[in-house]
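Below is one structure, written out as structure tokens; comments come after it.
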Amino acid sequence: MRLRPEASNSQLSGIGEVRLYGRGKEGIIPLWVGEGDLSTPEFINNAVRDSLAKGETFYNYSGGEPALKEALARYASKLYGRALKANRFYVTGSGMQALQVCFSMVAGVGDEVIVPTPAWPNAAGAIQVRGAKTVMVPMPFGNNAYTLDMERLEAAVTPRTTCLFINTPANPTGTVATLEELKAILALARKHNLWIIADEIYSRFYWRGDVQKRNDAPVRAPSFQDIREEGDKIMFVNTFSKNWAMTGYRMGWIEADPSLGGIIENFIQVSTSGSPLFLQRACITALDEGESFIQHQIEKAKASRAVMSKILKATGRVRMVEPDGAFYLFFKVDGVSDSRKLAFKFIDEAKVGLAPGTAFGTGGDEFLRACYLRDTAQVEEAANRLAEVIGRL
Ligand SMILES: Cc1ncc(COP(=O)(O)O)c(C=O)c1O
């Protein structure tokens with residue numbers, strides 16, 4: 001039997017490989033995947049129980065329960081300080097499915113998608129399975145930061161380019177695009193008639209102190225929402241996974257111009273045919289009542305970030321991106337170039353699971369990623385163990 005090249009070429013991600021190696025090993029502190037240590041809060045889970053008790057187990061709208069679309073519109077309008085109507089929102093089974101659907105609309109065989117790297121590998125994976133080409137454009141690292149290099153981005157545009165994938169705050173680097181940088185990217189997209197798939201799922205985890213609080217709107221990172229105009233070709237992907245500790249729910253959403261609504265709903269129809277209504281009820285509760293839980297997660301991430309960054313820096317052997325957002329520390333150890341090998345060594349000798357930089361495309365090969373959205377004492381313990389091994393290298 002002959003498989004499509006997209007199928008034969010598909011590979012286990014570098015994160016998956018390390019995780020497989022470390023899984024089940026006694027005493028490992030798992031900082032390799034992008035999730036915290038809290039399970040979903042009970043007030044959110046209770047909404048599922050109530051819904052099931054009511055027998056809400058039937059087929060539902062493929063693009064999402066209207067009450068959830070309304071809740072998304074309320075949440076996003078407040079967060080971005082602009083009126084966003086419910087007909088801009090489409091519910092998906094995870095942020096990952098949101099990406100799949102968006103890429104399905106703009107990237108197929110013969111098309112190219114530009115991805116500034118280092119970047120979260122699943123985006124490239126979703127492009128690859130559609131038969132499109134991921135054009136990774138490594139961003140330069142200097143002065144302990146990755147910077148957005150617009151010249152490199154523009155040089156990567158070809159007549160086959162259909163789309164830019166922009167993730168800010170970024171996984172794995174924690175880099176956050178400024179408003180000026182977002183404007184430059186939008187100008188590039190307008191000039192070459194490209195789509196932007198905007199992945200701003202970490203926007204609530206924003207550490208720069210430059211936030212002007214707008215009325216009672218929560219703190220967040222700069223967004224394409226701040227600059228987009230009518231007719232701009234931007235699709236936003238988002239997820240319930242991170243803000244509300246709902247990774248296992250597999251629930252997300254797309255926000256896009258309502259003119260795309262019919263297509264998005266059809267694409268969802270022919271993949272999952274919609275998300276379970278009982279999970280959507282929990283998402284409504286999360287959006288309407290979950291603000292103090294998000295604040296709790298933010299405080300925890302802030303404290304853990306400070307502790308980890310301090311301990312690793314004190315080794316004198318580590319260069320790192322001082323993250324402005326998300327909940328990852330991306331660092332490299334001086335004199336070590338093989339991050340994959342080092343990730344295995346950290347499992348064996350520090351009992352700490354990290355993701356190797358090789359998993360995130362070009363430009364971050366020597367780095368490792370640690371997710372710090374965990375109990376601060378545990379993150380401190382992990383950082384001390386890492387520092388001890390680093391001291392012996
Ligand atoms: C940048 C980015 N986008 C999207 C997602 C998708 O999250 P999920 O599929 O859990 O909704 C993740 C998950 O780690 C991510 O890091």
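The values are calculated or read from the model by the stated rules, or taken from the named source; none is laboratory data. Fair warning: this is a prediction, and the values are worked out from it, not measured in the lab. So basically every Cβ, Gly included, is an ideal-geometry build from the backbone, and we count neighbours across all protein chains shown. Accessible surface areas use protein heavy atoms only, side chains included; no ligands, DNA or RNA. Shrake-Rupley method; radii C 1.70, N 1.55, O 1.52, S 1.80 Å.
How large is the convex hull of the Cα atoms of the range 123-217 per residue, expressed in Å³ as a whole number? Please report the intermediate quantities before stating the final value.
Working: hull volume 12.0 nm³, N = 95.
Here the figure is 126 Å³ per residue.
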Exercise for review: Could you work out, for the chain, what percent of all Cα-Cα pairs fall into each 10 Å distance bin, beginning at 0 Å and stopping at the bin that holds the largest distance?
Suggested key: 5, 23, 33, 27, 11, 1, 0
Review point. How many angstrom lie between the C-alpha centres of the range 43-59 and the range 101-150?
Key: 38 Å
Revision key, fill the gap. Packing-ranked peptide list from 29-37, 112-120, highest mean Cβ count within 10 angstrom first, is 112-120, 29-37
Review point. In this model, which of K233/K341; K302/K332; K54/K242; K78/K313; K310/K345 are farther than 31 Å apart at the alpha-carbon?
Key: K233/K341; K78/K313
Review point. Using the heavy atoms of the protein chains alone and a 1.4 angstrom probe, what is the accessible area of the chain per residue in square angstrom?
Key: 43 Å²
Check your understanding: Stretch K191-N122 to full length: gain in nm at 0.36 nm per residue minus the Cα-Cα span?
Key -> 22.1 nm
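Report, in debye and to the nearest 20, how large the dipole of the chain comes out about its Cα centre when Lys and Arg carry +1 and Asp and Glu carry -1 on their Cβ. Provide the component values of the computation, followed by the final result.
On the way: 46 positive and 44 negative charges, 83 e Å.
Approximately 400 debye in magnitude.
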**Study point:** Computed lengthening from E349 to T57, 0.36 nm per intervening residue step minus Cα-Cα distance
**Key:** 100.3 nm
Check your understanding: Hey, rough spin-label estimate for E154 and S259, points 7 angstrom out along Cα→Cβ, what's it come to in nanometres?
Key -> 2.6 nm
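Using a 1.4 Å probe on the protein chains only, how many percent of the accessible area of the chain belongs to carbon and sulfur? The partial results should precede the final answer.
Numbers: 8570 of 16730 Å².
Of the solvent-accessible surface of the chain, carbon and sulfur hold 51 percent.
With N set to the number of residues, divide the alpha-carbon radius of gyration of the range 262-356 by 2.2 N^0.38 Å and report two decimals.
Numbers: Rg = 20.3 Å, N = 95, 2.2 N^0.38 = 12.4 Å.
So the range 262-356 has a normalised radius of gyration of 1.63.
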Review point. If each of E322 and K302 carries a label point 7 Å out from its Cα toward its Cβ, how far apart are those two points in nm?
Key: 1.7 nm
Exercise for review: Report the calculated FRET efficiency for E289 and K85 (r = Cβ-Cβ distance, R0 = 30 Å), to the nearest 0.05.
Suggested key: 0.85
Study note, to complete from the structure: So, with points 7 Å from each Cα along the Cβ direction, the K183-Q378 label distance in nm works out to 4.3 nm
Review point. Out of the DSSP beta bridges found with both residues in the chain, what percent are antiparallel (nearest 5)?
Key: 50 percent
Review point. For the range 118-261, what proportion of DSSP beta bridges, expressed in % and rounded to the nearest 5, is antiparallel?
Key: 40 percent
Exercise for review: Kindly rank 313-322, 271-280 from highest to lowest mean number of other beta carbons found within 10 Å of each residue.
Suggested key: 271-280, 313-322
Exercise for review: Quick one: which residues, 5 or more positions from V137 or on another chain, have an amide H under 5 Å from its amide H? H modelled 1.01 Å from N in the peptide plane, none for Pro or chain starts.
Suggested key: V115, T117
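I'd like to compare 227-234, 351-358, 177-184: which one has the highest average count of other Cβ atoms within 10 Å, and what's the full order after that?
Values: 227-234: 13.5, 351-358: 25.1, 177-184: 17.0.
Final packing ranking: 351-358, 177-184, 227-234.
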Check your understanding: How big is the gap, in Å, between the Cα center of the range 358-391 and the Cα center of the range 316-353?
Key -> 4 Å
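What number, rounded to the nearest 500 deg cm²/dmol, is the helix-based mean residue ellipticity at 222 nm of the chain, given -39500 (n - 2.57) per DSSP H run of at least four residues and division by all its residues? Write out the running numbers ahead of the final one.
Working: 13 runs with 151 residues, N = 393.
Using -39500 (n - 2.57) per qualifying helix, the result is -12000 deg cm²/dmol.
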Practice item. With θ set to phi - 60°, apply the Karplus curve 6.51 cos²θ - 1.76 cosθ + 1.60 along the range 114-120 and write out the HN-Hα couplings as whole Hz, x wherever there is a Gly or Pro. Key: 8, 10, x, 10, x, 9, 4
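Take every DSSP beta bridge whose two residues both sit in the range 1-151, then give the antiparallel share in percent to the nearest 5.
Restricted to the range 1-151, the bridges split so that about 25 percent are antiparallel.
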